[in-house]
Amino acid sequence: MNKLNGVDVSGYQPDNVLSLIPFDFAIVKITQGNASSNKNFAGQIKDAQAKGVYGVYHFDSGSTDYKSEVDTFLTEAQKYGIQGDGILFWDWEAKAIDAGVSRLSQIRIYLKEKLGYAAVYLSGSPAKTYAAEIEQWDYVWVAVYTNSTTVNAYNQNAAQSYWPNAVVHQYSPKGRIGNYDGDLDLNLAHLSEDEWREIAAKAKNPERLADTVYTVKKGDTLSGIAGKYGTTWQVLASYNNIKNPDVIRVGDTVKIPAKTQTSLPTVTVKTYTVKKGDTLSGIAGKFGTTWQILKKLNNIPNENKINIGQIIKLP
């Protein structure tokens with residue numbers, strides 16, 4: 001059976017967390033209740049989408065107006081071109097369970113009507129308790145922890161008996177992998193990459209954003225253009241068949257794939273003003289990146305020479 005190693009992330013992790021770790025898939029928190037709720041979503045979803053196998057989840061607040069929660073979830077997902085591209089999961093726990101299983105049933109019906117399929121996340125115990133309802137969901141992501149100690153590597157042998165047909169098993173909340181030194185939820189998907197994408201593609205008539213076409217101006221770099229649109233130069237190079245990312249010419253057009261755009265057309269560019277004693281590597285460390293990336297993004301000829309008052313663009 002095919003298996004994929006992955007993580008799920010939220011606002012508890014930094015926006016660049018997925019660039020620091022190896023993963024086959026990532027599931028990113030996008031909304032909670034009636035609002036977007038992950039302050040670091042833009043950076044996290046950019047890296048998840050660049051990988052190509054990903055999902056998002058909505059944390060159910062248990063409100064009586066469940067339709068508004070579903071609509072918020074789908075509206076936010078649509079902004080990022082996720083419907084039809086990634087899997088959307090409904091997170092049912094805490095107050096949502098207290099609100100009752102009949103409410104969950106109505107959510108499943110409404111979600112399937114709007115999206116085309118229904119995928120739920122929950123712990124093993126309520127999955128068993130409310131098995132008659134959970135069986136009616138198309139896909140189940142179940143949390144059953146195999147131990148409570150720190151886990152330093154993915155485990156493709158992780159197993160659970162609460163919901164044997166789960167497509168994803170969250171087996172540890174204490175993963176420590178790659179170059180990120182915080183806790184991560186580790187997951188094992190019982191799917192191949194193609195099977196994951198097949199589920200995502202079941203979304204009902206997703207309305208997709210159109211690609212943006214950018215015309216290269218004097219002084220532009222591919223990494224700089226990528227930064228403006230919330231993506232990476234690697235994604236743009238691949239999408240536009242650019243053989244040498246260091247060579248783009250004034251007047252060239254660069255297509256920005258719709259699924260990588262974040263909250264267009266308004267784009268917030270993060271910057272840092274150099275202070276006395278700063279070094280490029282020190283600035284990079286503050287913002288979870290590398291001096292090599294900052295050097296390339298800002299066209300800095302000598303990484304050992306930056307000036308007080310200089311504006312440094314951040315990825």
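Pairing each residue of segment 244-256 that is on the phi > 0 side of the Ramachandran plot with any residue that is open to solvent by 60 Å² or more (accessible area, probe 1.4 Å), provided the two are 6+ apart or on different chains, yields C-beta distances under 7 Å for Gly251/Thr215. The set of residues from segment 71-90 being of a type in the set (Val, Ile, Thr) and either within 18 Å of Val140 (Cβ to Cβ) or out of contact with any helix residue (DSSP H, G or I) (no Cβ under 9 Å at 6 or more places or on another chain) (or both) comprises Thr72, Thr75, Ile87. The number of residues in segment 162-200 being free of Cβ contacts under 8 Å to residues at least 24 places away in the same chain and buried (at least 23 other Cβ atoms within 10 Å of the Cβ) comes to 0. Considering only residues that are touching a helix residue (DSSP H, G or I) at 6+ places or on another chain (Cβ under 7 Å) and either of a type in the set (Asp, Glu) or modelled with pLDDT of 85 or more (or both), which ones fall in segment 207-225? Residues satisfying the conditions are Glu207, Asp211, Tyr214, Leu222, Ser223, Gly224, Ile225. Could you check segment 249-283 and list, in sequence order, the residues that are at pLDDT 85 or above and out of contact with any strand residue (DSSP E or B) (no Cβ under 7 Å at 6 or more places or on another chain)? Scanning segment 249-283 gives Arg249, Val250, Asp252, Lys275, Lys276, Gly277, Asp278, Thr279, Leu280, Ser281, Gly282. Scanning segment 275-312 for residues that are more than 27 Å from Asp181 (Cα to Cα), of a type outside the set (D, E, K, R) and assigned to a loop (DSSP other than H, G, I, E, B) returns Asn298, Asn299, Ile300, Pro301, Asn302, Asn304, Ile306, Asn307, Ile308, Gly309, Gln310. Please work out if Glu76 is buried (at least 21 other Cβ atoms within 10 Å of the Cβ) and over 27 Å from Ala158 (Cα atoms). No: the conditions fail for Glu76. Against the test of being surrounded by fewer than 18 Cβ atoms within 10 Å (Cβ to Cβ) and under 20 Å from Ser105 (Cα atoms), the options Asn34, Asn2 yield a single qualifying residue, Asn34. Scanning segment 28-58 for residues that are touching a helix residue (DSSP H, G or I) at 6+ places or on another chain (Cβ under 8 Å) and of a type in the set (A, V, I, L, M, F, W, C) gives Val28, Ile30, Ala35, Ala48, Ala50, Val53, Val56.
The values are calculated or read from the model by the stated rules, or taken from the named source; none is laboratory data. From a predicted model like this one, the values you see are computed outputs, not experimental measurements. Don't worry about glycine lacking a Cβ; one is built from the backbone with ideal geometry, like all the others, and counts go over all protein chains shown. These area figures cover heavy atoms from the full protein model, side chains too; ligands, DNA and RNA do not enter into them. Shrake-Rupley method; radii C 1.70, N 1.55, O 1.52, S 1.80 Å.
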